[in-house]
Amino acid sequence: QVQLVESGGGLVQAGGSLRLSCAASGSTFSINAMGWYRQAPGKQRELVARITVGGFTTYADSVKGRFTISRDNPKNTVYLQMNSLKPEDTAVYYCYVRSIYEYWGQGTQVTVSS
């Protein structure tokens, strides 16, 4: 089992920045990828960014150049630096971990006001 604790969501004006963190604990030895998904009201959950243990990153086209994902492997923590936020970035952001199984965080609300 892997437990995830997210932090860093909140309310910000358009153009502002937020940083999300997600710390994994428990059976972390088999984690091979960590990342963030988001779900806006009335929409499907979508990938925002993902990073493998080797540092390979994947981003949604909508966030490329604005968001940066990073990972502290010894701490089993993944970060999402979000800059130049837009109202359309408003969503619940979920931390995601892939190991033998997939694990999800409880979600953290990000609200960007115009």
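The values are calculated or read from the model by the stated rules, or taken from the named source; none is laboratory data. Fair warning: this is a prediction, and the values are worked out from it, not measured in the lab. So basically every Cβ, Gly included, is an ideal-geometry build from the backbone, and we count neighbours across all protein chains shown. Protein only, heavy atoms only, side chains kept; ligands, DNA and RNA dropped before computing areas. Shrake-Rupley method; radii C 1.70, N 1.55, O 1.52, S 1.80 Å.
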TODO: Mind telling me which of ILE31, ILE100, ILE51 comes out most flexible in a GNM of the chain, alpha-carbon contacts under 10 Å?
DONE: ILE100
Open item on the list: At R0 = 22 Å, how high is the FRET efficiency between SER21 and THR111 if r is their beta carbon distance? Nearest 0.05 is fine.
Closed with: 0.80
- [ ] Compute, for SER25, the solvent-accessible surface of its heavy atoms (probe 1.4 Å) with the complete set of protein chains present, and express it in square angstrom to the nearest 10.
- [x] 50
Open item on the list: At 1.4 Å probe size, put ASP72, ASP61 in order of accessible surface, largest to smallest.
Closed with: ASP61, ASP72
Task: Accessible area of the chain divided out per residue, in Å², using a probe of 1.4 angstrom - done: 52
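Please list ARG50, ARG19, ARG45 in order of solvent-accessible area, largest first, computed with a 1.4 Å probe with all protein chains present.
So the residues, ranked largest to smallest area, are ARG19, ARG45, ARG50.
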TODO: Using DSSP to define loop residues, name the chymotrypsin sites (Phe, Trp or Tyr not before Pro) in the range 6-93 whose beta-carbon has at most 15 other beta-carbon atoms within 10 Å.
DONE: PHE56
- [ ] Considering only GLY26, GLY42, GLY55, give the residue with the highest GNM mean-square fluctuation for the chain, with springs between Cα atoms whenever their separation is below 10 Å.
- [x] GLY42
- [ ] Pick out which of GLY16, GLY35, GLY54 has the largest mean-square fluctuation in a Gaussian network model of the chain, springs linking Cα atoms closer than 10 Å.
- [x] GLY54
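Taking all protein chains in place and a 1.4 Å probe, what share, in percent, of the accessible surface of the chain do carbon and sulfur account for?
The C+S portion of the solvent-accessible surface of the chain is 50 percent.
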Task: Whole-Å distance, taken between Cα centres, linking the range 75-103 and the range 42-60 - done: 8
